[in-house]
1. Among residues belonging to the range 70-83 that are open to solvent by less than 80 Å² (accessible area, probe 1.4 Å) and of a type in the set (A, V, I, L, M, F, W, C), point out the one that is nearest to Lys14 (Cα to Cα).
2. Pull out all pairs, ordered by first then second residue, where Cβ-Cβ is under 9 Å, the residues are six or more apart or on different chains, the first lies in the range 52-67 and is basic (Lys, Arg), and the second is surrounded by 10 or more Cβ atoms within 10 Å (Cβ to Cβ).
3. Return the only residue of Ala32, Ala28, Ala42 being at pLDDT 95 or above, under 18 Å from the mean Cα position of the chain (by Cα) and surrounded by 12 or more Cβ atoms within 10 Å (Cβ to Cβ).
4. Restricting to the range 53-69, give me the number of residues that are open to solvent by less than 100 Å² (accessible area, probe 1.4 Å) and not acidic (Asp, Glu).
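The values are calculated or read from the model by the stated rules, or taken from the named source; none is laboratory data. None of these values were measured; they are calculated from a predicted model. Methodologically, a virtual Cβ is constructed for each residue, glycine included, from the backbone with ideal geometry; neighbour enumeration extends over all protein chains shown. Only protein heavy atoms, including side chains, enter the accessible area calculation; ligands, DNA and RNA are left aside. Shrake-Rupley method; radii C 1.70, N 1.55, O 1.52, S 1.80 Å.
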Amino acid sequence: MNTHLPADLEQFVKAKVQSGRFASSDEAITEAVRLLRQREEAEEARTLEGIRQGLEDMRAGRGRPVDEVFADIRRELNLSPDA
């Protein structure tokens, strides 16, 4: 796989290699992709936990009528009631 980075990112990677933080540009980019994967996996886990909690709340009777929820969203976004 070949990658082309914008000049500022390329300079950043080169600086990290020159500083000794990474042995090569490939190593630096591999670490960056690992971090991206970790961030996305964590985001997915938070989303799934939110869904799980919401379903649990609904089963326990802690839900709110959808009309109320949408009315709150419209108020927060300053939308008309018909939006």
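1. Among those that are open to solvent by less than 80 Å² (accessible area, probe 1.4 Å) and of a type in the set (A, V, I, L, M, F, W, C), it is Ile73.
2. Sorted first by the residue in the range 52-67, then by its partner, the pairs are Arg62/Glu56; Arg64/Asp72.
3. The conditions single out Ala32.
4. Final tally of qualifying residues: 9.
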